[in-house]
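Enquirer: I have a structure here, written as structure tokens, and I will follow up with some questions on it.
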Amino acid sequence: MIPIAKPYLTAEDAQAAYDTILTGWITQGPRVQEFEEKFAAYTGAKYAVAVSNCTTALHLSMIVAGIGEGDEVICPSMSYIATANSIKYVGATPVFAEVNQEYNLDPTDVEKRINSNTKAILLVHQIGMPADIDAIKKICSRYNLKLIEDAACAVGSAYKGQKIGSHSELVCFSFHPRKIISTGDGGMITTSRKDYYDRLRLLRQHGMSINDRVRHNSKKVIFEDHIEVGYNYRMTDIQASVGIKQLEKLDWIVTERRKIANKYHEALKNIEGIRLPLERERYFSNYQSYSIYLEKSFPINRNRFMQELLDNEIATRRGIMNSHRETAYKHLEDKVNLPVSEKLQDRSVLLPLYVPMIEEDVKFIIDTILKLTQLKTV
Ligand SMILES: *Cc1c(COP(=O)(O)O)cnc(C)c1O
């Protein structure tokens, strides 16, 4: 069976976790600090704050951006449900906007959904393909809105020559095993603002004025205060030590992923009825997933396509979900009209892509798809 995805974890990563455990300092401490510094340096961001996952990263970003009760935040419905949930956590309302063919927010549609309650735009770099940050930024400055980037899938991707993480005030990453590098679970927020940096670090640890590392190293007796109601959104030092090693491999992983994506592209680019991912000029994707779109002209429908591949022991997944179609957001369904997002969900298929993926497997997947193109419509 060829799986859809697999994290790339090595003995070196395991050794790092092992070594950290034996130091006796296993939750947020020196390794978390080192991971943050290295992550900021990698992305070109001013500051980085490690947290327990990308969902909590998004939640804290909403808080520091000042989003709350009665506010509206524009985001794509077509995204993992954590995107919309993070808006609900602060009592605000997600307003779903349409996406383009690259599964990313369509700036023209976004602008149509702005009203006097709109406070922010939460853009998503879907499956690693950068969204048009500059176009969304322009809208934000025209209407005085906050911008938050959901870059859960986009570590290692770049936009106009700069790594994702360096473009705006709040960018949230995930280290879930389904993403490009993993710490089991884990998240990171990069920010360009010192005030956000300070508050994010407070909020992830119950609003505690002095962190454990500082207190531990202090030669004077010092007492902490809890300045505001915060959360336990800490990353552990065990996770961070794995993250440090994963980060060293990131560029190589992205290069390898792009080679596989390129093989799919070359083999499938002239096939009638299949639309491939489009990487525009000065956009650089880490190919967290490789999604193809089956047009009406393709001989078989999407579900049959997935079944045929499964019968050949090739795992696939359907296109990215639409949050407004999930039970938790069904009450919004009547109010939204998102034909592009829905069609993309219904007609897209994610193909297997992970590192390392053996040459024969890629070839077998391509050959199997090519055979399906020979089927006559039934
Ligand atoms: C995976 C994902 C998340 C959630 O990340 P976690 O680290 O699992 O909380 C949020 N947004 C998008 C777009 C994702 O793909």
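Enquirer: For Ile274, which sequence-distant residues (separation of 5 or more, or a different chain) have an amide H within less than 5 Å of its own amide H, given hydrogens modelled in the peptide plane?
Expert: Under 5 Å from the amide H of Ile274 lie the amide H atoms of Glu295, each far enough along the sequence or on another chain.
Enquirer: Shape call for the chain from the C-alpha gyration tensor, a ≥ b ≥ c root eigenvalues: rounded (a/c under 1.5), prolate (a/b greater than b/c) or oblate?
Expert: Working: a/c = 2.22, a/b = 1.37, b/c = 1.63.
Because a/c hits 1.5 or more and a/b fails to exceed b/c, the chain counts as oblate.
Enquirer: Next question. What percent does the relative contact order of the chain come to when contacts are Cα pairs within less than 8 Å and at least six residues apart?
Expert: Relative contact order, the chain: 23 percent.
Enquirer: Using DSSP to call loops (not H, G, I, E or B), can you name the GluC sites (Glu not before Pro) in region 53-142 whose Cβ has at most 16 other Cβ atoms within 10 angstrom?
Expert: Glu69
Enquirer: Which of Thr55, Thr255 comes first, and how do the rest follow, when ranked by fewest Cβ neighbours within 10 Å?
Expert: Fewest to most other Cβ atoms nearby, the residues stand as Thr255, Thr55.
Enquirer: So how far apart, in nm, are the two label points at Asp212 and Asp19 if each is 7 Å from Cα heading toward Cβ?
Expert: Going from the Asp212 label point to the Asp19 one covers 2.0 nm.
Enquirer: Next question. So how far, in whole Å, is the C-alpha centre of region 219-250 from the one of region 48-119?
Expert: What the calculation gives is 25 Å, centre to centre.
Enquirer: Now, a different point. How do Ser289, Ser168 rank when sorted from fewest to most other Cβ atoms within 10 Å of their own Cβ?
Expert: On the way: Ser289 27, Ser168 21.
Ranked by crowding around the Cβ, least crowded first: Ser168, Ser289.
Enquirer: Something else: Straight-line reach from Lys88: which aspartates and glutamates fall under 18 Å, measuring Cα to Cα and dropping same-chain residues less than 8 apart?
Expert: Glu69, Asp71, Glu72, Glu149, Asp150, Glu326, Glu333
Enquirer: Something else: Past the 21 Å Cα-Cα mark, which pairs from Lys163/Lys249; Lys46/Lys112; Lys6/Lys263?
Expert: Lys46/Lys112
Enquirer: Divide by every residue of the chain the summed helix terms, -39500 (n - 2.57) for each DSSP H run of at least 4, and state the resulting mean residue ellipticity at 222 nm, rounded to the nearest 500 deg cm²/dmol.
Expert: Numbers: 12 runs with 144 residues, N = 378.
The helix contribution divided over the chain gives -12000 deg cm²/dmol.
Any read-out appearing in this document is the output of simple, stated calculations on the displayed coordinates, not a laboratory observation. Just so we're clear, the structure is a prediction, and the values are computed from it rather than from any experiment. A quick note on method: Cβ atoms are made from the backbone with ideal geometry, for glycine too, and the neighbour counts reach across all protein chains shown.
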